[in-house]
1. Given the options 143, 132, 156, 120, name the one that is farther than 29 Å from residue 19 by Cα and in contact (Cβ under 8 Å) with a residue 40 or more places away in the chain.
2. Can you list residue pairs whose Cβ atoms sit under 6 Å apart, with the first residue in segment 202-217 being within 21 Å of residue 48 (Cα to Cα) and among the hydrophobic types (A, V, I, L, M, F, W, C) and the second being assigned to a helix (DSSP H, G or I) and open to solvent by 40 Å² or more (accessible area, probe 1.4 Å)? Count only pairs 6 or more apart in sequence or on different chains.
3. Name every residue in segment 229-258 that is over 26 Å from the mean Cα position of the chain (by Cα) and either exposed (fewer than 15 other Cβ atoms within 10 Å of the Cβ) or in contact (Cβ under 8 Å) with a residue 24 or more places away in the chain (or both), in order of residue number.
4. Where residues in segment 513-536 are more than 17 Å from residue 464 (Cα to Cα) and open to solvent by 50 Å² or more (accessible area, probe 1.4 Å), which of them is farthest from the chain's Cα centre (by Cα)?
5. Can you work out which of the residues in segment 229-258 that are β-branched (Val, Ile, Thr) and assigned to a helix (DSSP H, G or I) is farthest from residue 216 (Cα to Cα)?
6. For segment 321-343, give me the residue count where each residue is charged (D, E, K, R), assigned to a helix (DSSP H, G or I) and loosely packed, with under 15 Cβ neighbours inside 10 Å.
7. Working only within segment 184-199, note down all residues that are touching a residue at least 60 places away in the same chain (Cβ under 8 Å) and of a type outside the set (Gly, Ala, Ser).
8. Would you mention how many residues in segment 104-136 are touching a His at 6+ places or on another chain (Cβ under 7 Å) and within 18 Å of residue 56 (Cβ to Cβ)?
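The values are calculated or read from the model by the stated rules, or taken from the named source; none is laboratory data. Here the structure is a predicted model, which is why all the values come from computation and not from measurement. Glycine gets a Cβ as well: all are built from the backbone with ideal geometry, and neighbour counts include every protein chain shown. Protein only, heavy atoms only, side chains kept; ligands, DNA and RNA dropped before computing areas. Shrake-Rupley method; radii C 1.70, N 1.55, O 1.52, S 1.80 Å.
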Amino acid sequence: MAENFIVSARKYRPDNWDTVVGQKSITATLQNAIATNQIAQSYLFCGPRGVGKTSCARIFARAVNEAMNDSGIDLSFNIFELDAASNNSVDDIRSIVDSVRIPPQQGRFKVYIIDEVHMLSSAAFNAFLKTLEEPPAHAIFILATTEKHKIIPTILSRCQIFDFNRIKVKDMTEHLASIASREGITAEMDALHVIAQKADGAMRDALSIFDQVVAFCGRNLTYQLVIQNLNVLDYDYYFKLTDAVLQEDISAALLLFDEVLNKGFDAHHFITGIGSHFRNLLVCKDPETIKLLEVSDNVANRYQQQGAAADLRLLIQGLDFINECDIQYRGSKHPRLLVELTLMRLCSIPYNNREGEKKKFKLIPFRGGERQLSVSNTSAAKPSGVISTAPKPTPISSPAPATVVTSSSVSKEPVTLGKKSLLGMSKDSVSIKTLTRKSNEDTEKAVANEAAAKEVADREYSLSEIQNAWNSFVEHRLQNNMQVKMALKVAVLELKSGSLLRVAFPSETQQIYFNDCRADLGDFMRNEFGIKGLDFELDLQRQTEVKLSTRTDKEKFDAMRAKNPSVDLLRQTFQLRVD
């Protein structure tokens, strides 16, 4: 008859201090307490599931009696366990309180382990409080819980609290490799690493997953079989997607996403996986943060290679897009389109950065206090409310200080200016006369540029000319940004002078949208339509509407007649009254 199978979570449950994984500081503290006979009468072990709280409680309960016992007698009957999840009434606690009064027949301590102690009722906590506050010398209480915040403060204040950590992926992978070796199972480290990541810091979960994949794969655990069984998306998809982003290949990114969906993976899981991938690429940019990368060595090498090829701005802006998609996914009525739009935006980042490589990036206020990366012209700031698209005139450089050359100095070492030789026979040598002529030419060129800039600034443009340039920018440059496009469409343009354009918006939010693209608009008007000396004056349209509403009927009619004289002819024909 075949031997009964024992699950790994029970078979390899820690039974001594050396087999506890990932809790070195806690086990060392408890061992020292026993060695120095500084044993408290109540402990609280708290932390996530499957990290060794109950196992450490049992090991400590057994060790504290073994240290005080010289007879070699098994004192495990001095250990009492209570599951508070199913025994949470006052009567259950009273049975413990009654048994605490009786000293142990063998050994020194009676140890009471109460698991999931946060499940006790309020009445049970109150019944237990007095005993916990003044227990007999032979009693030790070990409370274990996954939700420390549910335990009343009066209980917490009477316990030594030990916070158990999530087990690190590296420690869990090494422990799984040790178990696989003892079981005679061949396992790839990448496969064990996937199991450790799937367990999310819980060793019990990792051992359960290990049994599952062994049942599927047999005695040879490979990376491909493990991700197939656990329905985990392969790293290769994220590396391929990042390559498509770097190559600005939108088609490849969309086809890759379609392949992921056809394999049955969730789109939200895919977008969060991209976020984790970009985060890993980001931490690879600095040798000091590479330790934050929790992947196998093989995958870590691939991350370092791709991270070196990815621009820092691309990763940061990409993470912003991915986070925005993650937040909006739950409320989206078309989640696939949302993810596809995010992929398009990711593939467009390198192009946008290349277009703006001669511009300066800065943070501007956006939507009620948030801030986003924007491109602004490097020209000097205009006064508040007025934005200029005129090019900054070239400053007039001052002539270089004169250098005196005497006849005696000609025969000596040549005089140098910077890295150029003024005297001598080298090809790059420059005479003082040539230097002076060049300085004068630079000065004349600067004066000419300044005069040209002034001439451009004095030129006046018609409203129709500006409106055509405005409409062309909205239709051709803002196709992928509907919010900014709609904001500029509803703007009201009024030419106050030949070079000052008043732009009125219904709300301050639309003004912010305009600020986001004002530098691009200015460049477009200069390069495409030759409009170079135009200033923008921003205003809120609603303020103008309020002023209009305060006019009298006659004032309104006069304004209409000024714009269209035919209105007065209409009034005379039908004998209409103005007031």
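1. 132
2. Matching pairs, first to second residue: 209/198.
3. 230
4. In this case the residue turns out to be 527.
5. That would be 250.
6. 2
7. Listed by number, the residues that qualify are 189, 190, 193, 197.
8. 1
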